[in-house]
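For reference, the structure is listed below as structure tokens.
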Amino acid sequence: MKPYIAILTARFRTMLQYRAAAVAGLWTQVFFGLVLIMIYEAFYASSDLPQPMTFAEVASYVWLGQALLALLPWNVDSEVRAMVRSGAVAYELCRPLDLYNLWFMRAVAWRTAPTILRAVPMTALAMFVLPGIGLEEWRLQIPTLTTGMAFAVAIVCTLLLSCALTTLMNITLLWTVSGDGATVMLTVLVTLFSGMVIPLPLFPDWAQPVLMALPFAGLVDSPYRIYVGNIPTSELPHVLAHQIFWTTTLVFIGRWLLARGMRRIVVQGG
């Protein structure tokens, strides 16, 4: 594991250098977080029907989504795409390492470093600054110790699931080269079916079984609802089982697809 840990730490330190981009993204996400909360406040104020989530839970849900946005598998690794386009991916094949593990570790660092840079200040702002300016209902709730620990375990599984999807997208570059199609398609799926824009409990009842069965619920909806208390901590084993099942399945598919791609790989430029 030493080579993979070395790749993980080196990539992590590299990604921590993009502080200016993190600050710019932070204020963009604060803006969108406020817009979403205002929309939901209007929705709750205009309806007398009982809702599956309270407004306070939805507000915290929104802030978690903005703070952990970089954790989601939005796109392919730009460096891997550049290597495939230039033919430099041949150097990756010459390393005495498992290529899938190599790309997976790159994905772990790529998803965690930007998330940490943005999540820490955004959490502080949403948790402490908003109540200080009179927006108590819009704040990010402070979880109990039990809920916080359950959320921490679930978010680790979210990271693994996200990296499995990211690595799978990287592998498709062996055929698509640019990766634009896969990126656009997965971005739409993640945005719609993970709960990133609309929490999954607010979807119609007939859609609930399908939405909860898909892997995308494990990226956003399940861990965030554990945090806000909408899913009790007693249900944590079911949430983890869902995330681990889909992570294992996607890793298996990724390894199978990579092995198939290695049989007839064409290196650009020769």
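The values are calculated or read from the model by the stated rules, or taken from the named source; none is laboratory data. From a predicted model like this one, the values you see are computed outputs, not experimental measurements. Because the Cβ atoms are built from the backbone with ideal geometry, glycine has one as well, and the counts that use them run over all protein chains shown. Heavy atoms of the whole protein, side chains included, go into the accessibility calculation; ligands, DNA and RNA do not. Shrake-Rupley method; radii C 1.70, N 1.55, O 1.52, S 1.80 Å.
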Return only the number of the condition from (1) surrounded by 14 or more Cβ atoms within 10 Å (Cβ to Cβ); (2) out of contact with any Leu (no Cβ under 7 Å at 6 or more places or on another chain); (3) modelled with pLDDT under 90 that residue 151 does not satisfy. (3)
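Yes or no, residue by residue, for (1) aliphatic (A, V, I, L, M); (2) open to solvent by 10 Å² or more (accessible area, probe 1.4 Å); (3) farther than 30 Å from residue 127 by Cβ:
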{"site": "181", "(1), (2), (3)": "no, yes, yes"}
{"site": "190", "(1), (2), (3)": "yes, no, no"}
{"site": "231", "(1), (2), (3)": "yes, yes, no"}
{"site": "243", "(1), (2), (3)": "no, no, no"}
{"site": "248", "(1), (2), (3)": "no, yes, yes"}
{"site": "263", "(1), (2), (3)": "no, yes, yes"}
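Do the conditions hold for residue 208, that is, is it more than 20 Å from the chain's Cα centre (by Cα), surrounded by 12 or more Cβ atoms within 10 Å (Cβ to Cβ) and polar (S, T, N, Q)? Give the derivation first.
Numbers: more than 20 Å from the chain's Cα centre (by Cα): yes; surrounded by 12 or more Cβ atoms within 10 Å (Cβ to Cβ): yes; polar (S, T, N, Q): yes.
It is true that residue 208 is more than 20 Å from the chain's Cα centre (by Cα), surrounded by 12 or more Cβ atoms within 10 Å (Cβ to Cβ) and polar (S, T, N, Q).
Among the residues of the stretch 190-210, write down those that are in a helix (DSSP H, G or I) and within 16 Å of residue 158 (Cα to Cα).
Going through the stretch 190-210, the residues in a helix (DSSP H, G or I) turn out to be 190-193, 200-202, 205-210.
Once the filter is applied, which keeps residues that are in a helix (DSSP H, G or I) and within 16 Å of residue 158 (Cα to Cα), the stretch 190-210 yields 190, 191, 193.
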Find the helices (runs of 4 or more DSSP H) located wholly in the stretch 1-118 whose residues include 1 or more that are open to solvent by 60 Å² or more (accessible area, probe 1.4 Å), out of contact with any helix residue (DSSP H, G or I) (no Cβ under 6 Å at 6 or more places or on another chain) and at pLDDT 90 or above, and list them. 19-45
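Would you tally the residues in the stretch 214-248 being within 17 Å of the chain's Cα centre (by Cα) and part of a helix (DSSP H, G or I)?
Taking the stretch 214-248 first, the residues within 17 Å of the chain's Cα centre (by Cα) are 214-227, 239-240, 242-248.
Narrowing the set further to residues that are part of a helix (DSSP H, G or I) leaves 215-218, 221-227, 239-240, 242-248.
Residues in the stretch 214-248 being within 17 Å of the chain's Cα centre (by Cα) and part of a helix (DSSP H, G or I): 20 in total.
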